[in-house]
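Participant: Encoded as structure tokens, here's the structure I'll be asking about.
The values are calculated or read from the model by the stated rules, or taken from the named source; none is laboratory data. This structure is a prediction, so every number in the text was calculated from the model and none was measured. Counting neighbours? That spans all protein chains shown, and the Cβs are built from the backbone with ideal geometry, glycine included.
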Amino acid sequence: MLARVGERAAGLGVAADDSLRLQLVVEELFVNTITHGHRGDSEGRVSLTLGRQDDALTLRYEDDAPPFDNSENRQNFRSTVEVGGQGLDLIHGMSKAIRYERNGQRNITEIRF
């Protein structure tokens with residue numbers, strides 16, 4: 001999946017460093033879907049659309065996990081560094097805007113970079 005994201009990003013003229021950041025965001029979204037949304041079950045469906053809109057790179061990420069709004073900024077102010085639990089902070093830090101909607105049984109997260 002990440003290789004396809006990298007190929008599509010290259011086709012859209014995304015610089016290599018920006019493509020790696022994009023792939024990291026996709027990985028975080030996917031890991032969260034499987035780990036938290038499906039509680040480790042990997043049979044859920046995920047779809048991605050990568051494009052350009054108004055001179056911005058856009059990612060549309062859809063999954064069929066239980067409702068979860070990735071657009072909420074749940075700042076995690078910890079006094080010590082822990083492994084895990086930082087994915088949403090990372091996604092918010094690497095994006096310009098995040099929009100969420102629930103459509104039927106699907107979570108739809110749209111991210112502008």
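Participant: Would you mention how many residues in region 1-59 are among the hydrophobic types (A, V, I, L, M, F, W, C) and within 22 Å of R102 (Cβ to Cβ)? Even if it seems obvious, please write down each step before you answer.
Facilitator: At the first step, the residues of region 1-59 found to be among the hydrophobic types (A, V, I, L, M, F, W, C) are 1-3, 5, 9-10, 12, 14-16, 20, 22, 24-26, 29-31, 34, 46, 48, 50, 56-57, 59.
When the remaining residues are screened for being within 22 Å of R102 (Cβ to Cβ), the result is 25-26, 29-31, 34, 46, 48, 50, 59.
Residues meeting the conditions: 10.
Participant: Let me ask something additional. If you scan region 1-22, which residues turn out to be free of Cβ contacts under 8 Å to residues at least 40 places away in the same chain and either at positive phi or not in a helix (DSSP H, G or I) (or both)?
Facilitator: Within region 1-22, G13, A15 qualify.
Participant: Restricting to region 71-106, count the residues that are part of a loop (DSSP other than H, G, I, E, B), modelled with pLDDT of 90 or more and surrounded by 14 or more Cβ atoms within 10 Å (Cβ to Cβ).
Facilitator: Let us first name the residues in region 71-106 that are part of a loop (DSSP other than H, G, I, E, B), namely 71-86, 95-96, 104-105.
Subset that is modelled with pLDDT of 90 or more: 71, 95-96, 104-105.
Filter once more, so that each one left must be surrounded by 14 or more Cβ atoms within 10 Å (Cβ to Cβ): 71, 95.
Residues in region 71-106 being part of a loop (DSSP other than H, G, I, E, B), modelled with pLDDT of 90 or more and surrounded by 14 or more Cβ atoms within 10 Å (Cβ to Cβ): 2 in total.
Participant: Further question on the same structure: Could you check region 45-70 and list, in sequence order, the residues that are in contact (Cβ under 8 Å) with a residue 24 or more places away in the chain, in a strand (DSSP E or B) and polar (S, T, N, Q)?
Facilitator: Passing the criteria: Q53, T58.
Participant: Just to be sure I understand, how many residues within region 23-44 are touching a residue at least 60 places away in the same chain (Cβ under 8 Å) and exposed (fewer than 15 other Cβ atoms within 10 Å of the Cβ)?
Facilitator: 0
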